Amino acid sequence: MIEILKKYLPERAVSPCFDLIKEHQVHLKIVGHRHTRHGDYRRMPDGSHKITVNASLNKYRFLITLIHEIAHLVAIQEYGREIKPHGKEWKRTFQHLMIPYIRPEIFPSQLLPVIANHFKNPKASSSSDARLSIALKSFDPEERKESYVYEIPYNAIFRLHNGKLYKKGNKRVKRYECIELATGRLYLFQPNAEVELVQMASDVEPPF
């Protein structure tokens with residue numbers, strides 16, 4: 001297990017993560033890329049604990065995701081199965097488990113203040129925090145095809161993982177107006193929504 005973890009985690013995080021996995025008897029499965037989630041925790045019918053994490057995540061997002069899922073397990077053990085999945089009990093547990101990792105030996109200096117801010121009130125997914133998600137993406141491999149909505153040009157055409165096509169429009173406060181090509185409906189996208197660029201923008205310039 002340690003040799004496997006070395007492939008996916010920052011070096012200084014491998015040993016403490018291995019200890020957590022052993023302590024809570026986690027069956028960790030590293031799976032292919034999933035668009036809808038980075039990780040998942042399930043308590044199996046026989047009482048064992050199964051956690052899956054996407055192999056496609058960079059090592060810093062992998063670490064955050066792994067601790068996120070272990071926090072579900074620990075929160076249920078400490079507070080019972082009736083708690084909300086991402087309620088105050090889970091947040092408190094996630095913060096407690098993550099604190100030992102928020103240090104320069106594990107995360108790059110440019111990530112530390114963003115991560116520290118996120119863990120003041122952790123969200124249900126690291127992707128829900130646009131600032132953190134964008135900061136983490138800078139460590140993704142170059143070959144990843146996905147782009148973020150904020151990165152692509154005005155008027156460009158992009159595709160979601162479900163195959164639907166959209167044209168990027170103007171920014172409205174924090175989110176972007178985008179037109180679904182098949183229906184003409186307007187949707188608002190978070191700046192860190194992962195999309196595939198299909199066609200570059202036309203010569204039309206955005207209004208100012």
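Every number here is computed from the coordinates shown, using simple stated rules; none is lab data. Quantities reported herein were computed from a predicted structural model and do not represent experimental measurements. Cβ placement follows ideal geometry from the backbone for every residue including glycine, while neighbour counts extend to all protein chains displayed.
Net charge within 13 Å of residue 92 by Cβ-Cβ distance, Lys/Arg positive one each and Asp/Glu negative one each, not counting residue 92 itself?
Net local charge, residue 92 excluded: +2.
Along each of the three principal axes of the Cα atoms of the chain, give the extent in whole Å, ordering the values from largest to smallest.
58, 37, 30
Taking 0.36 nm per intervening residue step and subtracting the Cα-Cα distance, what contour gain separates residue 55 from residue 161 on full extension?
So the extension gain works out to 36.4 nm.
Can you tell me the FRET efficiency between residue 147 and residue 82 if r is taken as the Cβ-Cβ distance and R0 is 45 Å, rounded to the nearest 0.05?
0.65
Return the lysines within reach of residue 164: Cα separation strictly under 26 angstrom, same-chain partners fewer than 8 residues apart disregarded; answer none if there are no such residues.
Correct list for residue 164: 137, 145, 174.
Using the Karplus curve 6.51 cos²θ - 1.76 cosθ + 1.60 with θ = phi - 60°, what ³J(HN,Hα) values do you get for each residue of segment 165-180, in whole Hz, with x for Gly and Pro?
Listing the rounded values in order: 9, 9, 10, 6, x, 7, 8, 10, 6, 9, 10, 10, 6, 9, 9, 6 Hz.
For an R0 of 30 angstrom, estimate the FRET efficiency from the Cβ-Cβ distance between residue 121 and residue 19 and round to the nearest 0.05.
0.65
Using DSSP H assignments, which helices in the chain have an axial alpha-carbon span of 24 Å or above and a mean Kyte-Doolittle hydropathy of -1.0 or higher?
59-79
Could you grab the relative contact order for segment 63-194? Cα pairs under 8 Å, six or more apart, rounded to a whole percent.
Once normalised by length, the contact order is 15 percent.
Find how much the distance from residue 3 to residue 175 grows on full extension, using 0.36 nm per residue of separation minus their present alpha carbon separation; answer in nm with one decimal.
Values: separation 172, 0.36 × 172 = 61.92 nm, distance 4.12 nm.
Between residue 3 and residue 175, full extension yields 57.8 nm more.
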